[in-house]
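Asks: Can you read through this structure? Questions will come right after.
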Amino acid sequence: MTRKTLKQINEKIKKGQAVVVTAEEMTKIVKEIGSSRAFKEIDVVTTATFGAMCSSGVFLNFGHSDPPIKMAKVWLNDVPAYTGIAAVDAYLGATEPSETFHINYGGAQVIEDLVKGKQVLLRAEAYGTDCYPRKSIETFISLETINEAIMLNPRNGYQRYNAAINSSSKTLYTYMGKLLPERGNITFSGAGELAPLQNDPDFETIGLGTKILLGGAQGYIIGHGTQHSPETGFATLMVRGNLKEMSSEFLRAATFEKYGCTLYVGIGVPIPVLNEKIAQKTGISDEEIFTNIIDYGVSSRSRPVIKRVSYAQLKSGYVEIEGQKIKTSPLSSLFMARKIAEYLKEQIRNGDFLITLPVETLARKGSTKPLKEEPGYINISLQKPPIVPEGKKLAKNEDTCLHCGLCLSLCPFNVFNRDDHWKIKAQEEACQLCGLCLDACPVKAIAIKV
């Protein structure tokens, strides 16, 4: 046997015969019996991580009020949500701070409150339209009362992450936690040998369409995350799941002092052992995973690397730098990551979780680059309906026209018509300059003809 198929593995899962182990267990197994035998004996390896993932949030659909409202501004427990989506949809980011409680309460806390079944105050304002006349609303919502709550996180599950140290003379409060002055401590993030992307660095089983555990519920990877940089070992994931099915045990709001709020997200990813190569990769150990300790005491973007270390060193409790033993602290919870890996293992063993392979692999090369500060100017062109002077006619701008057809029912002189392909044409000579089409065209493709 040189290869297993996903169908074979899923059939074993359905029959309760699949052999499932966690990534930590697989590391020991490969070390003891080798990758060849491990491939034959193990069907699925569960990986997991539980850490602060700032780039997280939820799409919420509140449902229509009576009379309807087109929400232009939305607050949830005084935390602003982005409304540039549709009338009653909003995206709530985990790190958005409350306008009342500043940085100690934000989107992450609202998300956790919703998952816990609490009511949240929804406040919305609007400018009012003919079809959405209402201009304000204030009411309490919960996960039970709203239509949808879809978690969609742009960047989660870093393959690895730089560790942090502070060489300056003052204490720093960062997204890497509290950093003591004069190299007083080191903080690090990530689950090491248990981390999903460390166990599948070539993205053979992790990609678009891979089913995962997200916040304790079944979700999916929907592509590579933002700031995805696999060539440097910093691959990331974009994930989605149903917030209504999630558990507050695996989705926790947190606040880093003087930095702001964040969301601890639990992610579990199963890796089917399809061949010996995958078995070998899932046998990776903390001694083989390296990262850099970066000096956050330097304020520039290009912070210096103090030392390259393994996750085994970081997890040992201290790292020696220039003869000094410096204590280390993890930001991610290995305890919770292990719990997620075990939970996923039991779900697979019980036949409640079948494995999927990606329909598209993650990008092998990232596009991460710094923001350039360049001079320039704002060039905004607003679409305005033309004013029709007497004695002039209209013409349709073919380059601008969407061929949507809104003009068809408006013109009393049948200036506009469509062909069999729904391409909109205009008989300019029939135009009587009534102007009914001018303010109706969504891209203002009706122009004045001299």
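Asks: So the check is Cβ under 6 Å with 6+ separation or different chains; which pairs have a first residue in the range 346-372 that's assigned by TED's automatic domain parsing to the domain that holds GLY223 and farther than 18 Å from PRO230 by Cβ and a second one that's loosely packed, with under 12 Cβ neighbours inside 10 Å and among the charged types (D, E, K, R)?
Replies: That search, which allows pairs on different chains as well, returns GLY351/LYS14.
Asks: Which residues, counting only those in the range 198-246, are of a type in the set (S, T, N, Q) and touching a strand residue (DSSP E or B) at 6+ places or on another chain (Cβ under 9 Å)?
Replies: GLN198, ASN199, THR205, THR210, GLN218, THR226, GLN227, THR236, ASN242
Asks: Can I ask one more? Just wondering, is there one or more residues in the range 295-309 that are within 26 Å of ARG3 (Cα to Cα), in the same structural domain as LYS31 (by TED's automatic domain parsing) and surrounded by 21 or more Cβ atoms within 10 Å (Cβ to Cβ)?
Replies: no
Asks: Now a separate question. Report, by residue number, each residue of the range 1-49 that is of a type in the set (Lys, Arg) and within 15 Å of GLU204 (Cβ to Cβ).
Replies: Hits for the range 1-49 are ARG3, LYS4.
Asks: Considering ILE29, ILE33, which residue is surrounded by fewer than 23 Cβ atoms within 10 Å (Cβ to Cβ), of a type in the set (A, V, I, L, M) and either in a loop (DSSP other than H, G, I, E, B) or in contact with a strand residue (DSSP E or B) (Cβ under 7 Å, 6 or more places away or on another chain) (or both)?
Replies: ILE29
Asks: Here's a follow-up. Considering each of LYS170, LYS135, LYS178, LYS211 in turn, give the residue that is among the charged types (D, E, K, R) and within 30 Å of ILE278 (Cβ to Cβ).
Replies: LYS211
Asks: From ASP66, ASP89, grab the single residue that is of a type in the set (Asp, Glu), under 30 Å from CYS131 (Cα atoms) and free of Cβ contacts under 8 Å to residues at least 24 places away in the same chain.
Replies: From the options ASP66, ASP89, the qualifying one is ASP66.
Asks: For SER189, indicate whether it is polar (S, T, N, Q), in contact (Cβ under 8 Å) with a residue 12 or more places away in the chain and more than 19 Å from TYR311 (Cα to Cα).
Replies: Judged against the criteria, SER189 is not a match.
Asks: Right, here's the next one. For the range 239-255, does any single residue satisfy the condition of being among the polar types (S, T, N, Q) and surrounded by 19 or more Cβ atoms within 10 Å (Cβ to Cβ)?
Replies: no
Asks: Still on this model: Would you kindly identify the strands (runs of 3 or more DSSP E) lying entirely within the range 65-140 that contain at least 1 residues that are of a type outside the set (A, V, I, L, M, F, W, C), touching a strand residue (DSSP E or B) at 6+ places or on another chain (Cβ under 8 Å) and exposed (fewer than 15 other Cβ atoms within 10 Å of the Cβ)?
Replies: By residue number, 102-106.
Asks: Look at GLU24 and say whether it is over 29 Å from the mean Cα position of the chain (by Cα) and among the acidic types (Asp, Glu).
Replies: So GLU24 does not fit the description; no.
Asks: Further, regarding this structure: For the range 177-195, give me each residue that is crowded, with 19+ Cβ neighbours inside 10 Å and either closer than 23 Å to GLU288 by Cβ or among the basic types (Lys, Arg) (or both).
Replies: Matches in the range 177-195: ARG183, ILE186, THR187, PHE188, SER189, GLY190, ALA191, GLY192, GLU193, LEU194, ALA195.
Asks: Can you tell me which of ALA126, ALA191 is of a type in the set (A, V, I, L, M) and outside the structural domain of SER310 (by TED's automatic domain parsing)?
Replies: ALA126
Asks: Return the total of residues in the range 418-432 being farther than 18 Å from ASP399 by Cα and surrounded by fewer than 15 Cβ atoms within 10 Å (Cβ to Cβ).
Replies: The number of residues fulfilling the criteria is 4.
Asks: Checking LEU394 against (1) part of a loop (DSSP other than H, G, I, E, B); (2) surrounded by 13 or more Cβ atoms within 10 Å (Cβ to Cβ): exactly one of these is not met. Which one?
Replies: Every listed condition holds for LEU394 apart from (1).
Asks: Being buried (at least 24 other Cβ atoms within 10 Å of the Cβ) and under 15 Å from the mean Cα position of the chain (by Cα) narrows it down to one of ILE206, ILE221, so name that one.
Replies: None of the others qualify; the one that does is ILE221.
Asks: Sticking with this structure for a sec: Go over the candidates LYS384, LYS345, LYS339, LYS369 one by one and state the one that is modelled with pLDDT under 95 and within 27 Å of ILE267 (Cα to Cα).
Replies: Sole residue among the options that is modelled with pLDDT under 95 and within 27 Å of ILE267 (Cα to Cα): LYS369.
Asks: Could you look through the range 1-22, keep only residues that are in a helix (DSSP H, G or I) and in contact with a Gly (Cβ under 9 Å, 6 or more places away or on another chain), and pick out the one that is nearest to ARG338 (Cα to Cα)?
Replies: The extreme case among them is ILE13.
Asks: Can you give me the ranges of the strands (runs of 3 or more DSSP E) entirely in the range 173-243 with at least 1 residues that are more than 21 Å from GLY57 (Cα to Cα)?
Replies: The strands (runs of 3 or more DSSP E) meeting that bar are 177-179, 186-188.
Asks: Criterion first (part of a loop (DSSP other than H, G, I, E, B), touching a residue at least 60 places away in the same chain (Cβ under 8 Å) and farther than 17 Å from ILE150 by Cβ) does THR47 satisfy it?
Replies: no
Asks: Sticking with this one: Among the residues of the range 264-309, count how many are over 28 Å from ALA108 (Cα atoms), of a type outside the set (A, V, I, L, M, F, W, C) and part of a loop (DSSP other than H, G, I, E, B).
Replies: The total comes to 8.
The values are calculated or read from the model by the stated rules, or taken from the named source; none is laboratory data. Please read all numbers here as calculations on a predicted model, not as lab measurements. Because the Cβ atoms are built from the backbone with ideal geometry, glycine has one as well, and the counts that use them run over all protein chains shown.
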